[in-house]
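The values are calculated or read from the model by the stated rules, or taken from the named source; none is laboratory data. Quick caveat: nothing in here was measured; it's all calculated off a predicted structure. For neighbour counting, all protein chains shown are included, and Cβ atoms are generated from backbone atoms with ideal geometry for every residue, glycine included.
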Amino acid sequence: MSDLKQELKEKIITQLNLEDIAIDEIADNDSLFGDGLGLDSIDALELIVMLDKDYGIKLTDPKEGKKIFESIEVMANYITKHRTK
Amino acid sequence: MKVEQLKIKEYCSIFNNKVMLNEQLIFENQETDFSSFIKLAYKKLDTNYPKFFKMDDLSKLGFLAADILLKPISSDSERPKNIALAFSNSASSLETDRKHQNSIVDKENYFPSPAIFVYTLPNICLGEISIRHKLYSENSFFIFNHFNAGYLYDYATCLIKTGKADEVLCGWINRDADDYEAFLYLVSTEGSIAHNKEEIIKLYTRK
């Protein structure tokens with residue numbers, strides 16, 4: 001699980017172009033949106049594509065993302081339970 | 001509405017790994033590709049806007065050139081805020097269009113990126129600049145075969161003389177394959193350079 005969390009932090013920084021943020025600055029329970037990392041709605045769509053492409057998880061309802069992308073911890077738990085690749 | 005002779009207040013060029021403000025070289029790095037160059041310029045010029053890194057190349061070019069010209073204005077509450085934007089180029093958003101196309105060409109590996117797709121219009125750059133500088137003004141992005149000083153002159157003059165804008169940030173930002181260039185100038189009622197077609201061409205070709 002800790003490997004997956006590390007992997008998610010790396011992917012988020014790279015794929016969302018968070019140039020000024022280092023991996024160790026993202027705590028497992030930090031909010032990804034709002035006052036946390038400050039991700040926006042386009043980032044949310046990008047994360048939905050990432051779940052599909054890298055983990056084989058298709059979100060049928062984009063509103064699900066609001067809960068799943070709450071933090072690295074929540075994302076990692078969700079991916080572990082639902083991944084198909 | 002009576003308006004005195006319009007002027008070009010300042011101008012900025014980004015080309016050949018150089019950033020020029022008026023006639024002054026303010027940043028240069030010949031050792032890197034465009035991606036690294038623009039990132040280094042961003043840092044050197046204290047742009048301080050993390051969303052910059054999410055932009056496509058065309059928006060980065062226009063955003064950085066505009067920021068150099070508008071940052072002093074934005075921080076001065078006495079300055080006019082009704083600054084219209086009139087940009088142009090020949091390649092539209094072609095470079096980003098190609099990236100998007102590459103992401104959807106393989107039906108077995110069909111993962112279009114929303115972050116790329118949002119930049120498949122050149123005028124998104126104008127939105128980025130407007131958000132940064134809180135501009136609620138007229139904005140237009142024209143596609144020409146070549147830099148069209150006459151059209152930009154007429155357009156900026158009309159905007160100011162009809163009271164649609166106090167100042168107009170005009171110019172050319174282009175990105176295609178390995179080429180890039182930005183040339184922006186601020187048309188105002190203040191300044192020392194006459195605003196006419198000949199001067200615009202002179203400044204554009206001087207770079």
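What is the residue count in the range B:34-93 for residues that are of a type in the set (Asp, Glu) and closer than 25 Å to B:Phe117 by Cα? I'd like the intermediate steps shown before the answer.
Of the residues in the range B:34-93, the ones of a type in the set (Asp, Glu) are B:46, B:56-57, B:67, B:76, B:78.
This time we only want the ones that are closer than 25 Å to B:Phe117 by Cα, so: B:56-57, B:67.
So the answer is 3.
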Next on the checklist: Quick check on my filter: what residues within the range B:158-186 are under 16 Å from B:Phe142 (Cα atoms) and among the aromatic types (Phe, Trp, Tyr)?
Outcome noted: B:Trp172, B:Phe183, B:Tyr185
Next on the checklist: I'm told B:Ile173 meets every condition in (1) touching a Pro at 6+ places or on another chain (Cβ under 9 Å); (2) farther than 17 Å from B:Glu10 by Cβ except one. Can you identify the failing condition by its number?
Outcome noted: (2)
Next on the checklist: Give me the residue from the range B:70-106 that is in a helix (DSSP H, G or I) and among the charged types (D, E, K, R) and, out of that set, modelled with the lowest pLDDT.
Outcome noted: B:Lys71
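With the structure loaded, tell me whether B:Ala115 is in contact (Cβ under 8 Å) with a residue 24 or more places away in the chain and touching a strand residue (DSSP E or B) at 6+ places or on another chain (Cβ under 6 Å) or whether it fails that test.
Values: in contact (Cβ under 8 Å) with a residue 24 or more places away in the chain: yes; touching a strand residue (DSSP E or B) at 6+ places or on another chain (Cβ under 6 Å): no.
So B:Ala115 does not fit the description; no.
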Next on the checklist: Where the second residue is in a helix (DSSP H, G or I) and the first is among the hydroxyl-bearing types (Ser, Thr, Tyr) and lies in the range B:141-158, which pairs have Cβ atoms under 9 Å and are six or more apart or on separate chains?
Outcome noted: B:Tyr153/B:Lys197; B:Tyr153/B:Ile200
Item to check | Candidate set from the range B:168-192 (those that are touching a Lys or Arg at 6+ places or on another chain (Cβ under 6 Å) and part of a strand (DSSP E or B)); member that is surrounded by the fewest Cβ atoms within 10 Å (Cβ to Cβ) | outcome: B:Ser188
Checklist entry - Considering only helices (runs of 4 or more DSSP H) fully contained in chain A, which possess at least 3 residues that are within 14 Å of chain B (Cβ to nearest Cβ) and surrounded by fewer than 18 Cβ atoms within 10 Å (Cβ to Cβ)? => result A:2-15, A:41-55
Checklist outcome for this item: Of the conditions (1) at positive phi; (2) free of Cβ contacts under 8 Å to residues at least 24 places away in the same chain; (3) of a type in the set (D, E, K, R), the single one that B:Asp106 does not satisfy is (1)
Item to check | Considering residues of the range B:99-121 that are more than 8 Å from chain A (Cβ to nearest Cβ) and β-branched (Val, Ile, Thr) only, the residue farthest from B:Leu58 (Cα to Cα) | outcome: B:Val105
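For the range B:118-159, give me the residue count where each residue is of a type in the set (Lys, Arg) and over 14 Å from the mean Cα position of the chain (by Cα).
Looking only at the range B:118-159, we keep the residues that are of a type in the set (Lys, Arg), and these are B:132, B:134.
Adding the requirement that they be over 14 Å from the mean Cα position of the chain (by Cα) leaves B:134.
Within the range B:118-159, residues that are of a type in the set (Lys, Arg) and over 14 Å from the mean Cα position of the chain (by Cα) number 1.
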Next on the checklist: I need every pair where a residue in the range B:11-26 that is free of Cβ contacts under 8 Å to residues at least 40 places away in the same chain has its Cβ under 8 Å from the Cβ of a residue that is of a type in the set (Ser, Thr, Tyr), sequence separation at least 6 or different chains.
Outcome noted: B:Asn17/B:Thr32; B:Asn22/B:Tyr11
Next on the checklist: Can you list residue pairs whose Cβ atoms sit under 7 Å apart, with the first residue in the range B:49-62 being under 19 Å from A:Gly38 (Cα atoms) and the second being in a helix (DSSP H, G or I) and not aliphatic (A, V, I, L, M)? Count only pairs 6 or more apart in sequence or on different chains.
Outcome noted: B:Tyr49/B:Arg132; B:Phe52/B:Tyr42; B:Phe52/B:Lys60; B:Phe52/B:Phe63; B:Met55/B:Phe63; B:Met55/B:Glu128
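From the residues in the range B:36-59 that are within 11 Å of chain A (Cβ to nearest Cβ) and part of a helix (DSSP H, G or I), which one is modelled with the lowest pLDDT? Walk me through how you get there before you give the answer.
Kept after step one, since they are within 11 Å of chain A (Cβ to nearest Cβ), are these residues of the range B:36-59: B:39, B:42-43, B:48-56.
Adding the requirement that they be part of a helix (DSSP H, G or I) leaves B:39, B:42-43, B:50-54.
Values: B:Lys39: 94, B:Tyr42: 96, B:Lys43: 94, B:Pro50: 87, B:Lys51: 91, B:Phe52: 95, B:Phe53: 94, B:Lys54: 94.
By that ranking, first place goes to B:Pro50.
From B:Lys7, B:Lys43, grab the single residue that is at negative phi and in contact with a Ser or Thr (Cβ under 9 Å, 6 or more places away or on another chain).
Working: B:Lys43 fails: in contact with a Ser or Thr (Cβ under 9 Å, 6 or more places away or on another chain).
Going through B:Lys7, B:Lys43 in turn, the sole match is B:Lys7.
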Checklist entry - Quick one: in the range B:107-158, which of the residues that are of a type in the set (A, V, I, L, M, F, W, C) and in a loop (DSSP other than H, G, I, E, B) is nearest to B:Ile200 (Cα to Cα)? => result B:Phe147
